[in-house]
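K.L.:
Here you go, one structure.
The values are calculated or read from the model by the stated rules, or taken from the named source; none is laboratory data. Here the structure is a predicted model, which is why all the values come from computation and not from measurement. Cβ placement follows ideal geometry from the backbone for every residue including glycine, while neighbour counts extend to all protein chains displayed. Ligands, DNA and RNA are stripped out before the accessible areas are found, and what is left, the full protein with its side chains, is counted by its heavy atoms. Shrake-Rupley method; radii C 1.70, N 1.55, O 1.52, S 1.80 Å.
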Amino acid sequence: MSDAPKKIVLAYSGGLDTSIILKWLQTELGAEVVVFTADLGQGEELEPARKKAEQMGVKEIFVEDLREEFVRDYVFPMFRANTVYEGCYLLGTAIARPLIAKRQIEIARLTGADAVCHGATGKGNDQVRFELAYLARDPDIKIISPWRQWEFGSRTDLINFAEKHGIPVAADKRGEAPFSVDANLLHTSSEGKALEDPALEAPEFVYQRTARPEDAPDKPQKIRIGFEQGDPVSVDGEILSPANLLTRLNELGGIHGIGRLDLLENRFIGMKSRGIYETPGGTILLAAHRGIEEITLDGGAAHLKDELMPRYAELIYNGFWFSPEREMLQAAIDRSQQMVNGEVTLKLYKGSVSVIGRTSPNSLYSLEHVTFEDDVVFDQSAADGFIELTALRLRLLAARDRSAGKNQ
Ligand code: ARG
């Protein structure tokens, strides 16, 4: 094949599956492999990944801490829109893929590689997200998708290949892993195996970063989150970097059992799947952001944002982060955030997060207008004309229907 890849940048976790992929690229495709491992806050040591890659003869190894970029340029822009997919999924996996893909393409340029490779299976959303992002960043890049290409039919085939090539297989990996996990600073998602029957409650051992709400502290905790132009900047008055802020909210949310979700969702490629999500900090952040928008955003702008949001969420879910329509929506969303400044007070208690107060230097809330007490700024008789005109067509309809004998 003339277009056989010569040098491939692999998104490498250091785990068994991507180690098998690395070896497969070297032995079956005969290609040189460049390894890229990103720290997105998955909470795993990354140096072992570097060691493993070195042992497999990899010369060019990129281990990079992308946590700040991830939260600042991907998570926060998404939270400006109060984004949830199908009513509740905070898109923790979907939002990480474009960053990994973008960096893989940059590394391909740096190292003169002509191909990139990911470890997503042929059934999920992630293959689509990786590959749409690769092609949006480099229209000519070659893409290797081992799960759709190799001959291994079963887990046993994979393990045999690993053993033949001296890739260490942990004892608990010999059988089927109990479920599949994807984690980063925003969330932990678990799918498959033990979770495949959507009628059965997920076993407690699936949850990895949140306390069981029943076991969370009996005392509620109040926290304050400060916002500037729609992005969170402080917790309890302490200014924090994006990644540190999300880390802090994850700790708080984890303790109070916040952000657990059991969802049966529609994948882009057509099938339904059931997943367990834990998004402790993100769940607090969503509540807080809505809280600060309540007091700073005009009603018309707020309602338009809520209409655009499901479309924006679907674009991210389906892998269109790098697309003109996502960027258009982002521009509108970002424009709405100019006055979204101030502080929100929240109560964390046994799996729930509630806004209990909000203040802003740019508040649109006018006590003068809304007060139940006497006021001097609002002439209540003006509502007469407002209602008369607003009701006009309803009255005409009702009169027509009455004369037609309907609706009696
Ligand atoms: N269904 C989620 C999504 O498409 C998570 C996918 C990855 N999770 C996993 N445990 N493999 O965004």
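K.L.:
Go through the range 80-89 and give me each residue that's open to solvent by less than 10 Å² (accessible area, probe 1.4 Å) and of a type outside the set (S, T, N, Q).
P.N.:
Selection gives 81, 89.
K.L.:
Applying the selection to the range 111-145, what residues are assigned to a helix (DSSP H, G or I) and away from the ligand (no atom under 16 Å from the Cβ)? Steps first, please.
P.N.:
Initially, the range 111-145 is screened for residues assigned to a helix (DSSP H, G or I), giving 111, 126-137.
Within the range 111-145, 111, 134, 135, 136, 137 meet the criteria.
K.L.:
Could I ask something else about it? Right, residue 278: among the charged types (D, E, K, R), open to solvent by 20 Å² or more (accessible area, probe 1.4 Å) and closer than 28 Å to residue 208 by Cβ or not?
P.N.:
Considered against the rule, which asks whether it is among the charged types (D, E, K, R), open to solvent by 20 Å² or more (accessible area, probe 1.4 Å) and closer than 28 Å to residue 208 by Cβ, residue 278 comes out as no.
Yes or no, residue by residue, for (1) away from the ligand (no atom under 16 Å from the Cβ); (2) within 22 Å of residue 43 (Cβ to Cβ); (3) touching a Ser or Thr at 6+ places or on another chain (Cβ under 7 Å):
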| residue | (1), (2), (3) |
| --- | --- |
| 238 | yes, no, no |
| 244 | yes, yes, no |
| 254 | yes, yes, yes |
| 258 | yes, yes, yes |
| 269 | no, no, no |
| 274 | no, no, no |
| 281 | yes, yes, no |
| 285 | yes, yes, no |
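K.L.:
Here is a further query. For the list (1) in contact with a helix residue (DSSP H, G or I) (Cβ under 8 Å, 6 or more places away or on another chain); (2) within 15 Å of the ligand (Cβ to nearest atom), I need the number of the one condition that residue 82 fails.
P.N.:
The single condition residue 82 does not satisfy is (2).
K.L.:
Right, here's the next one. Would you confirm whether or not the range 314-323 contains a residue that is in a helix (DSSP H, G or I) and over 14 Å from the mean Cα position of the chain (by Cα)?
P.N.:
no
A quick yes/no check of all residues on (1) in a strand (DSSP E or B); (2) under 27 Å from residue 347 (Cβ atoms):
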residue: 163; (1), (2): no, no
residue: 168; (1), (2): no, no
residue: 178; (1), (2): no, no
residue: 189; (1), (2): yes, yes
residue: 198; (1), (2): no, no
residue: 222; (1), (2): yes, yes
residue: 232; (1), (2): yes, yes
residue: 243; (1), (2): no, yes
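K.L.:
Give the residue, chosen from 380, 338, that is open to solvent by 80 Å² or more (accessible area, probe 1.4 Å), out of contact with any helix residue (DSSP H, G or I) (no Cβ under 6 Å at 6 or more places or on another chain) and touching a residue at least 40 places away in the same chain (Cβ under 8 Å).
P.N.:
Checking each option against the conditions leaves just 338.
K.L.:
Suppose we filter the range 29-49 for residues that are of a type in the set (Asp, Glu) and at pLDDT below 95; how many remain?
P.N.:
Selection size over the range 29-49: 3.
K.L.:
Still on this structure, please answer the following. Give the residue that is farthest from the ligand (Cβ to nearest atom), with candidates limited to residues of the range 151-204 that are among the small types (Gly, Ala, Ser) and exposed (fewer than 14 other Cβ atoms within 10 Å of the Cβ).
P.N.:
That would be 166.
K.L.:
Then there is this: What number of residues within the range 209-230 are closer than 19 Å to residue 291 by Cα and open to solvent by 30 Å² or more (accessible area, probe 1.4 Å)?
P.N.:
Looking only at that region, the number is 6.
K.L.:
Of the conditions (1) within 16 Å of the ligand (Cβ to nearest atom); (2) under 20 Å from the mean Cα position of the chain (by Cα), residue 77 fails just one. Which one is it?
P.N.:
(1)
K.L.:
Could you grab the pairs with beta carbons closer than 7 Å, sequence gap of 6+ or different chains, first residue in the range 129-148 and more than 11 Å from residue 105 (Cβ to Cβ), second one open to solvent by 70 Å² or more (accessible area, probe 1.4 Å)?
P.N.:
Pairs that qualify, where the first residue is more than 11 Å from residue 105 (Cβ to Cβ) and the partner is open to solvent by 70 Å² or more (accessible area, probe 1.4 Å), are 142/3.
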